[in-house]
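The values are calculated or read from the model by the stated rules, or taken from the named source; none is laboratory data. Only a predicted model underlies this, so the values are computations on that prediction, with no experimental measurement involved. Please note: Cβ atoms are built from the backbone with ideal geometry, for glycine as well, and neighbour counts cover all protein chains shown. Side chains are part of the model used for accessible areas, which takes the heavy atoms of the whole protein and leaves out ligands, DNA and RNA. Shrake-Rupley method; radii C 1.70, N 1.55, O 1.52, S 1.80 Å.
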Amino acid sequence: MIEQDTIKLLRECDAGIKMGIASIEDTIDNVKHEELRKVLVTSRQEHEQLASEIESLLGEYHDEGKDPNPVAKGMSWIKTNAKLMVDDSDKTVADLMTEGANMGVKSLNKYLNQYEAAEEKVKDITKRLIKIEEKLVKEVKEYL
């Protein structure tokens, strides 16, 4: 049970990180304020660093990880582009980042509770990812 929960939690973190990185990449070209751009670049780097840790752990378990749900990813892309077409301001980017990060925090907390038998090091990685998402929300709020 421990190994199954560990792998499942790692997969969810993997999918969540991929979704977060894609969201940042979908919006960063629309950012006008240099400080907001720095926040997004830093967040993307933090996501990528944690992604490589997760990928390494998945390799130890001989698992390929998990991609985000294609429908969810597609809907997110459509929503992002539609909102930016109407208003490509930093406020819109901050709103999209806040919404996505909050959804990520909610999902990750749900998975932490669902896969409670997971190894502590994987729970810690999940908590670090939650902190990265919460930090992003905090840092973009001045642009809302």
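Taking E142 as the residue in question, decide whether it is assigned to a loop (DSSP other than H, G, I, E, B), open to solvent by 90 Å² or more (accessible area, probe 1.4 Å) and farther than 18 Å from A22 by Cα.
The answer is no for E142.
Return the pairs, sorted by first residue and then second, in which the second residue is open to solvent by 80 Å² or more (accessible area, probe 1.4 Å) and assigned to a helix (DSSP H, G or I), the first residue lies in segment 118-136 and is farther than 20 Å from R37 by Cα, the beta carbons are less than 8 Å apart, and the residues are 6+ apart or on different chains.
Qualifying pairs under 8 Å: A118/I2; A118/K8; E119/I2.
Given (1) within 23 Å of L9 (Cβ to Cβ); (2) out of contact with any helix residue (DSSP H, G or I) (no Cβ under 6 Å at 6 or more places or on another chain); (3) modelled with pLDDT of 95 or more; (4) not basic (K, R), where does D95 come up short, assuming only one miss?
Answer for D95: the failing condition is (1).
Could you please let me know if L57 is farther than 26 Å from E3 by Cβ, aliphatic (A, V, I, L, M) and in contact with a Lys or Arg (Cβ under 9 Å, 6 or more places away or on another chain)?
Judged against the criteria, L57 is not a match.
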